[in-house]
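Asks: The structure follows.
The values are calculated or read from the model by the stated rules, or taken from the named source; none is laboratory data. Note that this is a predicted model, so its numbers are computed, not measured. Because the Cβ atoms are built from the backbone with ideal geometry, glycine has one as well, and the counts that use them run over all protein chains shown. Accessible surface is based on the protein model in full, side chains and every heavy atom, while ligands, DNA and RNA are left aside. Shrake-Rupley method; radii C 1.70, N 1.55, O 1.52, S 1.80 Å.
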Amino acid sequence: MPSKKKSSSPSFSSNVDRMVDHAFSILDLDEGTAQAIKACDSVLQVKFPVKIRGQIETFTGWRAVHSTHRLPAKGGIRFASFSDQDEVEALAALMTYKCALVDVPFGGSKGALHIDPNQYSRDEMQLITRRYTLELVRKGFLNPATNVPAPDVGTGQREMAWIADTYKHLNPEDINYQACVTGKPVQQGGIRGRVEATGRGVQYAIREFFRHPKDVASANLSAGLAGKKIVVQGLGNVGYHAAKFLQEEDDAKIIAIIEHDGVLSDENGLVIEDIYRYKVEHGSFKDFPGGHFSPDNKGALEMKCDILIPAALESQITRDNAERIQAKMIVEAANGPITFDADKILKKKGIVIMPDIYVNAGGVTVSYFEWIRNLSHIRFGRMERRYDELRGNEYANLLEEATGSKISESTRSMIVRGASELDLVRSGLDDTMRNAYQDMHETLHANEKIDDLRTAAFVIAIEKISRSYLDVGIY
Ligand code: GLU
């Protein structure tokens, strides 16, 4: 895992606040509303004991709720040894703006448990996760109506299943218990396409960018995603899926992958699936037979490339290395990978930045679909799929009759096919990412005070949030 910023630099939450303040300075918003939007509503800190291998260990965790202008408040839970309250608050705030930007009707929240999951067995992790869940439930920080976690760094389907099951045991009369958390395994009420949703969203975001020639030209990039040289930092869930889809489906060249223990590079492009499998099997891609491995990952972010995708942690590009970045465009798949000061330096260098609150919104978007699925207690497409198939068949027969020629099998199956849950999830995600980009594009080009996509994104999000404060009032 890459390390985080030095403690002398401004904190993560103050970096987020400075970005938000910049957007406020453009909007004609009264100071009181601005302060109300910025403030973190509440933060829970818990300390709880768990008996591990005969010894009592005390764990510290948090859950921050940044905003409740929409409910439930939504956002992941991370398990990491570097997490702290400031990080959780910053990430909760980013969730608020992210959800508003992409029209996911949730407030923003985030949680963390201070732990290195690699030090514990599966059973121990289960015990710790269930105990942490108990704290959240008891204190009102986990509920399908008010606060719904999801996976983040160090957590995945497994942890979400434990959380859902613990909540169910504590609330057996809650018919909507499955909706208390998203990112669950499909067999436990999860939705197809959630695991890869954030990476898929990154792909859709970049595709949409390349549909806007003016924006592509402003990044000094040539048209078309095929052949573009991409560097990805982090081969976790987000980095892996984004890199894999871009390489396999868009013919982009992933020329380097940066991990905590080194960099794997190949100017002709890496095959992501092979590398990922190797990493899962061996714990590292260090000895992967292909590409060039270097243990020196410092400076790898500064490699010459078309697109740099930081998909690991916050504060990776700071004022210390920003000047040396050579990418033409940076796509923030992680939350907060660029500090406020670094952002200014990169902008001066003419580097286009696609902001995190847009780029990585695919995860929470599909979480929204999962939550709806859980509340409706039915898989998307279950009622209409076969009906659509029947109708499609009728159309195809009619077409054959009218034209007097036979439709090929492949065309028929395309016309006939009813949408599956995965088709619908992808369609909803693609639509969300396209709409949000188009909003940012319009806002950017309509207001001369806005000169980058990040500011456009925050302006859109803040306008929506402030509208909800103004409409409903504050009490
Ligand atoms: N942890 C993810 C994020 O940072 C997903 C949040 C969610 O699905 O609620 O956006």
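Okay, residues lined up against (1) assigned to a loop (DSSP other than H, G, I, E, B); (2) more than 12 Å from the ligand (Cβ to nearest atom):
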| site | (1), (2) |
| --- | --- |
| ALA161 | no, yes |
| TYR167 | no, yes |
| PRO172 | yes, yes |
| ARG194 | yes, no |
| GLY201 | no, no |
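Asks: So which of SER405, SER376, SER410 ends up being open to solvent by 40 Å² or more (accessible area, probe 1.4 Å), small (Gly, Ala, Ser) and closer than 26 Å to PRO144 by Cβ?
Replies: Criteria check complete, one pass: SER376.
Asks: Check LEU246, LEU313, LEU308 and return the single one that is touching a residue at least 12 places away in the same chain (Cβ under 8 Å), open to solvent by less than 70 Å² (accessible area, probe 1.4 Å) and either among the polar types (S, T, N, Q) or part of a loop (DSSP other than H, G, I, E, B) (or both).
Replies: Values: LEU246 fails: either among the polar types (S, T, N, Q) or part of a loop (DSSP other than H, G, I, E, B) (or both); LEU308 fails: either among the polar types (S, T, N, Q) or part of a loop (DSSP other than H, G, I, E, B) (or both).
Exactly one residue qualifies, and that residue is LEU313.
Asks: I need a count of the residues in the range 33-56 that are touching a strand residue (DSSP E or B) at 6+ places or on another chain (Cβ under 6 Å) and charged (D, E, K, R).
Replies: 2
Here's the yes/no breakdown for (1) within 30 Å of TRP371 (Cα to Cα); (2) more than 23 Å from the chain's Cα centre (by Cα); (3) surrounded by fewer than 18 Cβ atoms within 10 Å (Cβ to Cβ):
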{"residue": "GLY193", "(1), (2), (3)": "yes, no, no"}
{"residue": "ARG207", "(1), (2), (3)": "yes, no, no"}
{"residue": "LYS229", "(1), (2), (3)": "no, no, no"}
{"residue": "GLY239", "(1), (2), (3)": "yes, no, no"}
{"residue": "ALA242", "(1), (2), (3)": "yes, no, no"}
{"residue": "LYS253", "(1), (2), (3)": "no, no, no"}
{"residue": "LEU264", "(1), (2), (3)": "no, yes, no"}
{"residue": "LEU270", "(1), (2), (3)": "no, yes, no"}
{"residue": "HIS282", "(1), (2), (3)": "no, yes, yes"}
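Asks: Just checking, how many residues over the range 61-97 are of a type outside the set (A, V, I, L, M), open to solvent by less than 10 Å² (accessible area, probe 1.4 Å) and either within 13 Å of the ligand (Cβ to nearest atom) or closer than 18 Å to THR129 by Cβ (or both)?
Replies: Step one: list which residues in the range 61-97 are of a type outside the set (A, V, I, L, M), which gives 61-63, 66-70, 72, 74-76, 78-79, 81-87, 89, 96-97.
If we keep only those that are open to solvent by less than 10 Å² (accessible area, probe 1.4 Å) too, we end up with 61, 63, 66-67, 72, 74-76, 78-79, 83, 87, 96-97.
Restricting the remaining residues to those that are either within 13 Å of the ligand (Cβ to nearest atom) or closer than 18 Å to THR129 by Cβ (or both) gives 61, 63, 66, 72, 74-76, 78-79, 83, 87, 96-97.
Of the residues in that region, 13 qualify.
Asks: Any idea which residue in the range 325-334 is farthest from the ligand (Cβ to nearest atom), counting only those that are farther than 29 Å from LYS184 by Cα and of a type outside the set (D, E, K, R)?
Replies: GLN326
Asks: Cβ-Cβ under 9 Å, sequence separation 6+ or interchain: first residue in the range 391-411 and without any contact (Cβ under 8 Å) to a residue 40 or more places away in the chain, partner aliphatic (A, V, I, L, M) and surrounded by fewer than 13 Cβ atoms within 10 Å (Cβ to Cβ). Which pairs?
Replies: Every condition considered, the pairs that remain are GLY392/MET414.
Asks: Can we say THR60 is modelled with pLDDT of 95 or more and not in a loop (DSSP other than H, G, I, E, B)?
Replies: On the way: modelled with pLDDT of 95 or more: yes; not in a loop (DSSP other than H, G, I, E, B): yes.
Here the answer is yes, as THR60 does meet what is asked.
Asks: I've got another one for you. Kindly provide the set of residues from the range 440-466 that are surrounded by fewer than 21 Cβ atoms within 10 Å (Cβ to Cβ), free of Cβ contacts under 8 Å to residues at least 60 places away in the same chain and within 16 Å of VAL102 (Cβ to Cβ), ordered by number.
Replies: GLU442, THR443
Asks: Modelled with pLDDT of 95 or more and within 28 Å of PRO105 (Cβ to Cβ): does that describe ILE345?
Replies: The answer is no for ILE345.
Asks: Take ARG434 and decide whether it is over 30 Å from ILE77 (Cα atoms) and open to solvent by 60 Å² or more (accessible area, probe 1.4 Å).
Replies: Against the criterion (over 30 Å from ILE77 (Cα atoms) and open to solvent by 60 Å² or more (accessible area, probe 1.4 Å)), ARG434 does not qualify.
Asks: Let me ask something else. Filter the range 335-371 for residues that are more than 16 Å from the ligand (Cβ to nearest atom), open to solvent by 10 Å² or more (accessible area, probe 1.4 Å) and under 15 Å from ILE317 (Cα atoms) and give the result.
Replies: THR339, PHE340, ASP341, ASP343, LYS344, ILE345, LYS347, LYS348, LYS349, ILE351, VAL352, ILE353
Asks: Moving on to the next point. For GLY107, all conditions in the list (1) within 16 Å of the ligand (Cβ to nearest atom); (2) farther than 26 Å from VAL366 by Cα; (3) not hydroxyl-bearing (Ser, Thr, Tyr) hold save one; what is the number of the exception?
Replies: Just one mismatch for GLY107, condition (2).
Yes/no per residue for (1) at pLDDT below 95; (2) open to solvent by 20 Å² or more (accessible area, probe 1.4 Å); (3) more than 22 Å from the chain's Cα centre (by Cα):
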position: LYS110; (1), (2), (3): no, no, no
position: ASP116; (1), (2), (3): no, yes, no
position: GLN119; (1), (2), (3): no, yes, yes
position: GLN126; (1), (2), (3): no, yes, yes
position: THR166; (1), (2), (3): no, no, yes
position: ASN176; (1), (2), (3): no, yes, yes
position: CYS180; (1), (2), (3): no, no, no
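Asks: Do the conditions hold for GLY154, that is, is it more than 16 Å from the chain's Cα centre (by Cα), within 16 Å of the ligand (Cβ to nearest atom) and assigned to a loop (DSSP other than H, G, I, E, B)?
Replies: Considered against the rule, which asks whether it is more than 16 Å from the chain's Cα centre (by Cα), within 16 Å of the ligand (Cβ to nearest atom) and assigned to a loop (DSSP other than H, G, I, E, B), GLY154 comes out as no.
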